[in-house]
Every structure is written in structure tokens, then in C-alpha cells.
1. Which numbered condition in (1) touching a residue at least 60 places away in the same chain (Cβ under 8 Å); (2) over 23 Å from B:Val123 (Cα atoms) is the only one that A:His27 fails?
2. Select from the stretch A:76-128 the residues that are hydrophobic (A, V, I, L, M, F, W, C) and assigned to a strand (DSSP E or B) and list them in ascending order.
3. Filter the stretch A:71-83 down to the residues that are within 10 Å of chain B (Cβ to nearest Cβ) and in contact (Cβ under 8 Å) with a residue 12 or more places away in the chain and list them by number.
4. Is there a residue being in a helix (DSSP H, G or I) and in contact with a Pro (Cβ under 8 Å, 6 or more places away or on another chain) anywhere in the stretch B:135-156?
5. If only one of B:Arg118, B:Arg173 is at pLDDT 85 or above, of a type outside the set (Asp, Glu) and either in the same structural domain as B:Arg68 (by TED's automatic domain parsing) or at positive phi (or both), which one is it?
6. State which residue is farthest from the other protein chains (Cβ to nearest Cβ) when the search covers only the stretch A:132-157 and only residues that are assigned to a loop (DSSP other than H, G, I, E, B), among the hydrophobic types (A, V, I, L, M, F, W, C) and within 18 Å of A:Asp77 (Cα to Cα).
7. Could you please give the count of residues in the stretch B:73-124 that are in contact with a Ser or Thr (Cβ under 8 Å, 6 or more places away or on another chain), in a loop (DSSP other than H, G, I, E, B) and either over 16 Å from A:Gly135 (Cα atoms) or facing another protein chain (nearest Cβ under 9 Å) (or both)?
Amino acid sequence: MVRYLIPLVLFIVLVVFLAIGLGKDPHEVPSPLINKAAPDFNLPQLREPSKTFSAADMRGKVWLLNVWASWCVTCADEHPLLVGYARSGALPIYGLNWKDRREDALSWLSQNGDPYVLSVSDLDGRVAIDYGVYGAPETYLIDQNGVIRFKQIGPVTQDVWNKQILPLAQELNRQGSK
Amino acid sequence: MRGKMWADSIRVDFSEASSRGLLRSKHLVNGVRLLLVLLALSCFVPRLIAKEAEPLSTDPEVEKRLNRLSQELRCLVCQNETLADSRADLAEDLRREIRAQIRAGKSDKEIIDFLTQRYGEFVLYRPVVGPRTYLLWFGPFVLLLAGLTILFRYVKTRRELISDAPLTQDEQRAVEELLGSKSGKETT
């Protein structure tokens, strides 16, 4: 009896492994930058290119860095949520405008709304390489000490915001105020 | 989605040229002259027109190293392509970055480290051999060994099961009788 069960058990194990494999998104490559210092940058601001913005300016604050571009279709899906979250004032959202054209980016923002405190222009994608960006949108949650605490690959959804970003940000803010 | 960018850059706007009336007789000569000039110019600047043909470095050594390195690295956009083969925008950016680092005199290891720090070990087409990847590297051989062991043991027990028991005395006699009578028949 047992010898007939062995192949069945092996088959079930195989099926379980395959099922787990199928359920994973191969495009989601875990970032090695989690819990590491966010790479610093100093980039011209999208609206006022004569001014620059640096990640170091955000020391002491919990903030979101959202990688977006006007050519990015998924960014448009995510955008209304970001606009809403920005309005809620839960945490400041900054934009990294990735490999875009300034005029395209500006008109895209005026069409879709601007959730960003400000956006910086990474025209050649050099800073994005430092952040390990390989597609837009990507979103980083950065804490008071400039450490990346969370990275969302792909659009921020309501689920991700409510279950991961918001609780983590609130927790970080609580720790920071102590 | 990344394809849009280069598509934009190679798009040619014909409507503008025709609306200016290049083909009206008055302007025909000028138009032809302009075309000739453009043609002549295009011989000198072919790379400005097609963005796809990335400008190669003037140094063939740099290109050779870039090529060798990027064969080992994975493009994260089209994950089954190497950085050398990929047409994705990000791959182009990364190649440009690697080229700059080669020129800056960085070693291969430094460049690979630079990329793994940012993108993780997934960029390596050949995963590192380490405790985390032992199963990946040696798992197949372990399975092969296990399979061979099971096979040998199975064959051995089978052989023991079907091995001939020695003949009893009666059987031996019967055999000899049969053989003897057979050979006797044949000789006659």
C-alpha cells in the first residue's frame, strides 16, 4: 500500500512547488536596498530647474519617493490614488521624474493632478540606477535617518497603501517623535 | 512601454515638409537642392538619425570589455535577455554606465558589485556560489546521486531475488541424464 502512495506524495509535492512558483511575479525582483541608506542625489527640480533638491534635505522626515514618467502607462493608473493620499496629508510624496521630457512631464501633471511636494528631473536615468529602478512606477518609503524601509515595485494600490505603507509610516513617525 | 521613447525619436514629420509647399513648381528647384544637401549630410551623420545604433566607444578595448561584462548581466526589463542583447532603454542606460566605469578604470569586480548593490544578485546571469545558492548549484547533482543510489540498490535486490538456488542432487542427476542421453543420440 505504502509503495503506491510514494509517487502520489511526490506528485503532490511537485504540484505544490509549481503552484507556489506560478503565484509569484517574476518581474518583482526584491531590492537589496531595503534597510540601506537611500542613495543621495542632487537633481534640478521639475518646476524650477534652477533650484535643486537633494535626498539629504529630507533628513528627519518620513517621506515617499515615487518614480514616474509621462510615458509610463501604469503611472497614470496609480496617479489618482497618489493625488488622494497627498491630499490626506499622511506623508509627503516627492517625485522622481524618470527619463522624461520636461514639457511632457509638466503637461502630464497639469492633466492628471500633481500629488508631489515637488518632482526632480532625472533625465538620463543616472539617479534611478542608484536606486535600482528598472521600471516605473516604483515607490520608496524613506525614514528620518534616510534609510529605505520599503519599496513598492509597480503601482501603489489601495491595499499596499493601507496595509504596508501607511502603517509603516505611522510606526516610523511614532518612533521618531519619542 | 519603454519602446515609445525611441519610436518618438525616429519618427519623421512629413506633414511639415509638404505643407511648406516643397513640391510647388516655384520651390521645386530649391526643394531638390535641399534634398541633395540633406542626402549629402546624411552620409556624414548616419548615427544622428537612427538612435538605435548606439555610438560605439572609440576605444575597441572598452567595447570588448563592455561586451564581455554585459553578456554576464541580466537585463531587468526583459529578464531572459542579457544586457548585451537587450534593446530596452534601461539596458542602454546600464551599458552607458558600465562604459563610463570602464573608462574610469574600474575593475570588472567593482562594476559587477556596483550593479549587484543596486539591483541585487538577480542581475548576474551566473548566480554566485554561496550558502544561499548551494541547493541551486548542487541540487541537481544530489538528485542524480540519489537516483543512481536507488537504482543500484534496486538492481542489487532484484539480482538477489532472482539468483539461482543451487540444484538439488536429484535435479543434478536429472540434468546429467538428459545431457548425457542427448549427447549420446547425437554421436550415433
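The values are calculated or read from the model by the stated rules, or taken from the named source; none is laboratory data. Predicted, not measured: the structure shown is a model, and the values here were computed from it. Every residue, glycine among them, receives a Cβ derived from its backbone with ideal geometry; neighbour counts consider all protein chains shown.
1. A:His27 satisfies all of (1) touching a residue at least 60 places away in the same chain (Cβ under 8 Å); (2) over 23 Å from B:Val123 (Cα atoms) except (2).
2. Taking the stretch A:76-128 first, the residues hydrophobic (A, V, I, L, M, F, W, C) are A:76, A:81-83, A:86, A:90-91, A:93, A:96, A:98, A:105-106, A:108-109, A:117-118, A:120, A:123, A:127-128.
Of everything in the stretch A:76-128, those that are hydrophobic (A, V, I, L, M, F, W, C) and assigned to a strand (DSSP E or B) turn out to be A:Ile93, A:Leu96, A:Trp98, A:Val120.
3. Once the filter is applied, which keeps residues that are within 10 Å of chain B (Cβ to nearest Cβ) and in contact (Cβ under 8 Å) with a residue 12 or more places away in the chain, the stretch A:71-83 yields A:Trp71, A:Cys72, A:Thr74, A:Cys75.
4. yes
5. On the way: B:Arg173 fails: either in the same structural domain as B:Arg68 (by TED's automatic domain parsing) or at positive phi (or both).
Going through B:Arg118, B:Arg173 in turn, just one is at pLDDT 85 or above, of a type outside the set (Asp, Glu) and either in the same structural domain as B:Arg68 (by TED's automatic domain parsing) or at positive phi (or both): B:Arg118.
6. A:Val156
7. Matching residues across the stretch B:73-124 total 4.
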